[in-house]
Amino acid sequence: MSLQARDKEFLALLGPSGSGKTTLLRVLAGLEEPDSGEVRFDGEDFLALPVRKRKVGMVFQHYALFRHMTVAQNIAFGLTVRPARERPGKAEIKRRVTELLDLVQLQGLEKRFPSQLSGGQRQRVALARALAIEPRMLLLDEPFGALDAQVRRELRRWLRELHDRAGVTTVFVTHDQEEALDLADRVAILKDGELVQLGAPNAVYEHPATPFVFDFLGQACQLPGIVQGRTLTVADWGTAAPEGAPQGAVQVFFRPDEIAFAPADGAGLAAEVLAVAQRGPDVRIDCRIEGVLMELIGHGPTLPAGVAPGLSVRVKPLRPQVYAT
Amino acid sequence: MTAATSSEPMVRVRLPGVALVMVAVSVLVMAGLILLPLYVVFHEALLKGLPQYLEALKEPDAISAIRLTLLVAAIAVPLNAVFGVAAAWAISKFEFRGKSVLLTLIDLPFSISPVVSGLVWVLLFGAQGLFGQWLLDHDLKVIFAVPGLVLATILVTFPFVARELIPLMQQQGADEEAAALTLGASGFTTFRRVTLPNIRWALLYGVLLCNARAMGEFGAVSVVSGHIRGLTNTLPLHVEVLYNDYDSVGAFAAASLLAGLGIVTLVLKTVLEWRHSGELSAGRKH
């Protein structure tokens with residue numbers, strides 16, 4: 001596969017576990033050797049450089065903070081291990097550490113040990129430590145993987161802001177599609193070591209290249225259909241085929257919440273409503289379409305009055321995607 | 001990291017009668033097997049008074065035995081500390097072919113009789129041994145000399161340091177080292193500033209056990225020593241020689257030194273376990 005990150009870009013590597021995304025990150029860092037292929041940075045052959053010469057800041061999934069060092073010592077590590085000629089003075093190192101602590105909002109914690117910090121704080125220390133070496137590229141391995149949902153969302157926004165301020169190319173690995181779509185400038189979707197699709201979050205979400213991507217990026221409903229000319233037919237419902245759709249028998253995918261309801265004599269797929277249940281802000285509608293049980297999602301206030309258990313309605317997918325079978 | 005620092009609450013089972021019996025049995029066995037012999041050692045050593053006891057320790061053969069024991073330990077223990085760290089490092093941080101073979105080899109000295117551990121060196125370096133003639137031609141002495149004692153001691157005490165470090169290093173993983181490398185540290189700096197501080201207490205613990213065994217080793221050392229008084233007798237061998245000569249005060253005086261070493265080791269070991277349990281391997285936690 002071939003993949004290129006742009007300067008100052010925030011790139012997400014998204015894929016299920018075992019898709020090779022962490023391996024790819026470790027290859028970029030130099031912690032693993034690829035069997036073949038090449039890694040270039042600014043035209044420079046990265047594979048010829050040992051890990052420590054690459055100047056990549058890496059944040060590990062479990063942070064890998066040095067447990068016997070304080071927060072300040074952790075952050076300063078990358079500066080203190082430089083050869084004597086390039087090593088900044090003590091005062092300069094202290095100044096940098098203070099600056100980075102401010103940046104990651106951990107002022108006053110410099111004397112603590114990693115074991116005395118919360119997960120979110122550890123993660124920020126790891127980030128400050130990686131930024132201390134003024135990396136040419138920042139690599140984040142499941143940066144929010146070990147945090148609970150609340151902290152996760154807070155840190156996500158914060159990380160994005162930090163990236164924009166620090167202005168460094170960032171590649172991060174995640175298996176959480178929501179995280180990738182929310183954070184990244186571009187998303188690379190990986191499967192079994194192959195790059196399946198690369199693009200802006202919206203482009204990828206709205207035009208998934210394969211059924212795998214469609215399925216991976218969110219919930220999916222699936223029905224067989226036929227494309228003839230510019231018309232897509234699913235059961236007795238005909239609609240305009242999407243741009244560039246293949247001809248003949250196809251698989252039709254749509255999101256369970258990208259639908260419109262119509263009366264039983266209107267246009268759309270004939271559906272028999274089995275159950276309706278309020279789930280927080282959403283309404284879950286269990287129904288049978290073409291003999292297939294489907295869970296559709298409606299949004300409370302916009303749900304038409306006609307949708308109730310036992311009734312027949314029409315369901316119109318707003319943005320169906322078709323893939324050759 | 002959290003797994004390493006948090007300790008699981010122990011599940012307590014309440015069986016009052018059974019617990020009492022168990023504790024009583026343990027205490028009785030402990031008293032019979034450990035405290036009683038310890039008492040006997042010091043009692044016999046001091047049977048004819050303190051001056052006699054000190055006299056027995058000041059005897060030239062005793063002094064030489066103490067010196068030799070310290071010398072052998074001073075060579076064998078640091079070497080085994082280095083071997084142990086290297087082996088544990090290789091096994092816990094790298095994937096390579098033959099890893100399980102290496103792991104088995106490390107445990108080998110535990111599973112073979114110390115007499116065999118001594119005998120192999122005789123078979124290799126003794127007068128009739130594989131390299132015996134060559135050594136003779138070059139006027140080198142291994143068996144019935146210090147090198148033989150050191151080799152035998154090294155072989156017997158090899159597993160202590162490595163065994164102590166491997167579980168801890170496996171549990172710590174290689175992430176911190178990887179992080180140090182990405183931050184620009186060289187391999188050696190990484191080892192010195194990241195790996196070594198993380199294992200220091202476990203290393204000390206292993207060295208302590210290794211040292212106790214190195215100084216107390218009898219079987220393997222006995223085979224290669226030749227029991228030349230004042231020359232190749234280590235402290236445990238000295239005890240045997242004196243005992244066979246019916247010099248019970250001398251024998252027990254020397255034995256009391258070994259017992260003292262045992263007690264010091266035990267105390268230090270307990271202090272380590274108590275103060276740094278989190279940094280010893282998970283299996284050592286109390």
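The values are calculated or read from the model by the stated rules, or taken from the named source; none is laboratory data. For clarity, every value in this text was computed on a predicted model and none was experimentally measured. Cβ placement follows ideal geometry from the backbone for every residue including glycine, while neighbour counts extend to all protein chains displayed. Calculation scope for accessible area: heavy atoms of the full protein, side chains included, ligands and nucleic acids excluded. Shrake-Rupley method; radii C 1.70, N 1.55, O 1.52, S 1.80 Å.
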*Tell me which of these A:Gln121 doesn't satisfy, since it passes every other one: (1) under 21 Å from A:Leu28 (Cα atoms); (2) not in a loop (DSSP other than H, G, I, E, B).*
(1)
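On the given criteria, is B:Glu240 farther than 20 Å from B:Ser92 by Cβ, of a type in the set (Asp, Glu) and open to solvent by 40 Å² or more (accessible area, probe 1.4 Å)?
Details: farther than 20 Å from B:Ser92 by Cβ: yes; of a type in the set (Asp, Glu): yes; open to solvent by 40 Å² or more (accessible area, probe 1.4 Å): yes.
Spelling it out, B:Glu240 is indeed farther than 20 Å from B:Ser92 by Cβ, of a type in the set (Asp, Glu) and open to solvent by 40 Å² or more (accessible area, probe 1.4 Å).
If you take the residues of segment B:187-237 that are among the β-branched types (Val, Ile, Thr) and open to solvent by less than 20 Å² (accessible area, probe 1.4 Å), which of them is nearest to the other protein chains (Cβ to nearest Cβ)?
Here is the first cut: in segment B:187-237, the residues among the β-branched types (Val, Ile, Thr) are B:189-190, B:194-195, B:199, B:207, B:221, B:223-224, B:228, B:232, B:234.
Imposing the further condition that a residue be open to solvent by less than 20 Å² (accessible area, probe 1.4 Å) reduces the set to B:190, B:194-195, B:199, B:221, B:224, B:232, B:234.
Values: B:Thr190: 8, B:Val194: 6, B:Thr195: 10, B:Ile199: 10, B:Val221: 38, B:Val224: 41, B:Thr232: 43, B:Thr234: 38 Å.
The extreme case among them is B:Val194.
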*Please determine, by comparing only the residues of segment A:145-159 that are of a type in the set (A, V, I, L, M) and assigned to a helix (DSSP H, G or I), which one is nearest to A:Leu28 (Cα to Cα).*
A:Leu159
*Restricting the first residue to segment B:236-261 and requiring it to be under 19 Å from B:Ile34 (Cβ atoms), which pairs with a second residue that is outside any helix (DSSP H, G or I) and basic (Lys, Arg) meet a Cβ separation below 8 Å and a spacing of at least six or different chains?*
none
*Taking B:Glu176, is it over 15 Å from the mean Cα position of the chain (by Cα) and either open to solvent by less than 10 Å² (accessible area, probe 1.4 Å) or within 14 Å of chain A (Cβ to nearest Cβ) (or both)?*
yes
*Among the numbered conditions (1) away from chain B (no Cβ under 13 Å); (2) surrounded by fewer than 17 Cβ atoms within 10 Å (Cβ to Cβ), tell me where A:Glu110 comes up short.*
(2)
*Every residue from segment A:127-137 that is open to solvent by 10 Å² or more (accessible area, probe 1.4 Å) and under 18 Å from A:Leu106 (Cβ atoms)*: A:Leu131
*Return yes or no: is A:Glu258 closer than 23 Å to A:Asn202 by Cβ and without any contact (Cβ under 8 Å) to a residue 12 or more places away in the chain?*
no
*How do the helices (runs of 4 or more DSSP H) wholly within segment B:9-113 filter down when requiring 3 or more residues that are surrounded by 11 or more Cβ atoms within 10 Å (Cβ to Cβ) and free of Cβ contacts under 8 Å to residues at least 40 places away in the same chain: which remain?*
B:16-30, B:36-45, B:60-93, B:99-111
*asked:* Among the residues of segment A:90-103, are any assigned to a loop (DSSP other than H, G, I, E, B), touching a residue at least 40 places away in the same chain (Cβ under 8 Å) and open to solvent by 10 Å² or more (accessible area, probe 1.4 Å)?
replied: no
*Condition check for B:Leu181: touching a Lys or Arg at 6+ places or on another chain (Cβ under 7 Å), modelled with pLDDT of 90 or more and farther than 30 Å from A:Leu28 by Cα*: no
_Cβ-Cβ under 7 Å pairs, at least 6 apart or on other chains, segment A:129-152 side in contact (Cβ under 8 Å) with a residue 24 or more places away in the chain and within 13 Å of chain B (Cβ to nearest Cβ), far side assigned to a loop (DSSP other than H, G, I, E, B) and polar (S, T, N, Q)_ = A:Asp141/A:Gln61; A:Glu142/A:Gln61; A:Ala146/A:Gln61
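This table checks each residue for (1) surrounded by fewer than 17 Cβ atoms within 10 Å (Cβ to Cβ); (2) in a helix (DSSP H, G or I); (3) not assigned by TED's automatic domain parsing to the domain that holds B:Val207.
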site: B:Leu124; (1), (2), (3): yes, yes, no
site: B:Ala127; (1), (2), (3): yes, no, no
site: B:Leu130; (1), (2), (3): yes, no, no
site: B:Leu135; (1), (2), (3): no, yes, no
site: B:Lys141; (1), (2), (3): yes, no, no
site: B:Leu149; (1), (2), (3): no, yes, no
site: B:Thr153; (1), (2), (3): no, yes, no
site: B:Ala162; (1), (2), (3): no, yes, no
site: B:Leu165; (1), (2), (3): no, yes, no
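Listed here are the residues, each with its yes/no results for (1) of a type in the set (Ser, Thr, Tyr); (2) assigned by TED's automatic domain parsing to the domain that holds B:Leu237; (3) within 25 Å of the chain's Cα centre (by Cα).
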site: B:Met22; (1), (2), (3): no, no, no
site: B:Leu28; (1), (2), (3): no, no, no
site: B:Ala31; (1), (2), (3): no, no, yes
site: B:Glu55; (1), (2), (3): no, yes, no
site: B:Pro60; (1), (2), (3): no, yes, no
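Enumerate the helices (runs of 4 or more DSSP H) found wholly within segment A:160-277, keeping only those where 3 or more residues are buried (at least 19 other Cβ atoms within 10 Å of the Cβ) and out of contact with any Pro (no Cβ under 8 Å at 6 or more places or on another chain).
Working: elements: A:177-183, A:201-206, A:211-216.
By residue number, A:177-183.
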*Is there any pair with a first residue in segment A:62-89 that is facing chain B (nearest Cβ under 8 Å) and more than 18 Å from A:Leu140 (Cβ to Cβ) and a second that is among the β-branched types (Val, Ile, Thr) and surrounded by fewer than 20 Cβ atoms within 10 Å (Cβ to Cβ) whose Cβ atoms are under 7 Å apart and which are 6 or more apart or on different chains, and what are they?*
A:Val81/B:Thr189
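If you check B:Phe131 against the conditions, is it away from every other protein chain (no Cβ under 14 Å) and touching a residue at least 60 places away in the same chain (Cβ under 8 Å)? It would help to see each step written out before you state the result.
Details: away from every other protein chain (no Cβ under 14 Å): yes; touching a residue at least 60 places away in the same chain (Cβ under 8 Å): no.
No; evaluated as a whole, the condition is false for this residue.
Does segment A:308-325 hold any residues that are part of a strand (DSSP E or B) and not aliphatic (A, V, I, L, M), and which are they?
Taking segment A:308-325 and keeping what is part of a strand (DSSP E or B), we get A:312-317, A:321-324.
Those that are part of a strand (DSSP E or B) and not aliphatic (A, V, I, L, M): A:Ser312, A:Arg314, A:Lys316, A:Pro317, A:Gln321, A:Tyr323.
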